[in-house]
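Heads up, the thing below is written out as structure tokens.
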Amino acid sequence: MDIVLKPIAIVTNNRKKPIDDYWAVTISEITLLDHVPTEALDNIGDFSHLEVIYYFNQVNPDKIIYSGHPRNNRTYPLMGIFAQRKKNRPNRLGLSTVEILGHTGRTITVKHFDAIDGTPILDIKPVFKEFEPEGEIKQPAWVADVMKDYWK
């Protein structure tokens, strides 16, 4: 099976390193690459949030893992990579729900996006309420501890 993905946009912000916490102060711009027509963003401002799929291009392929402790903290349980949101994933793909702050031409300004400067964007989709989960979201207790400073 041959799968080829081509970035459609690039992230610009002041975060140069993948540090785990304090993302709330980071405002990002997502700018379409030259091969994508501006019309691809027509009426994007009708939505408040987007789902963004991006590529962890700075993760060394030799650092891919399939199991580990969240944040490499042995006080947390050993978890499979698909039971956590580490960047060292087999396909190095990230997914974030971001809030739109503005849209001008080929650029969307967003917050709550945990991608570093220069990150390639693979796809952008609007958030529909109808796709959100119904009912209570279940998660282990360690997640709240890991995330306590993430969006500060």
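The values are calculated or read from the model by the stated rules, or taken from the named source; none is laboratory data. All figures in this text were calculated on a predicted structure; none of them were measured in a lab. All Cβ positions, even for glycine, are placed from backbone atoms using ideal geometry, and neighbour counts span all protein chains on display.
Data overview
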read-out	value
Those residues of region 126-151 which are in contact with an Asp or Glu (Cβ under 7 Å, 6 or more places away or on another chain) and either among the acidic types (Asp, Glu) or loosely packed, with under 13 Cβ neighbours inside 10 Å (or both), in sequence order	149
All positions within region 6-19 that are surrounded by 10 or more Cβ atoms within 10 Å (Cβ to Cβ) and either under 16 Å from residue 40 (Cβ atoms) or in contact with a His (Cβ under 6 Å, 6 or more places away or on another chain) (or both)	7, 8, 9, 10
Residue among 90, 70 that is over 17 Å from residue 112 (Cα atoms), surrounded by fewer than 17 Cβ atoms within 10 Å (Cβ to Cβ), touching a Phe, Trp or Tyr at 6+ places or on another chain (Cβ under 8 Å) and touching a residue at least 12 places away in the same chain (Cβ under 8 Å)	90
The listed residue being modelled with pLDDT of 95 or more and part of a strand (DSSP E or B), out of 29, 39	29
Yes/no for residue 82 being in contact (Cβ under 8 Å) with a residue 60 or more places away in the chain, of a type in the set (Phe, Trp, Tyr) and either farther than 13 Å from residue 142 by Cβ or in contact with a strand residue (DSSP E or B) (Cβ under 7 Å, 6 or more places away or on another chain) (or both)	no
Filter result (in contact (Cβ under 8 Å) with a residue 24 or more places away in the chain, farther than 13 Å from residue 11 by Cα and either assigned to a strand (DSSP E or B) or of a type in the set (Val, Ile, Thr) (or both)) within region 103-113	103
In region 42-60, the residues that are part of a helix (DSSP H, G or I) and either of a type outside the set (Val, Ile, Thr) or in contact with a Phe, Trp or Tyr (Cβ under 7 Å, 6 or more places away or on another chain) (or both)	45, 46
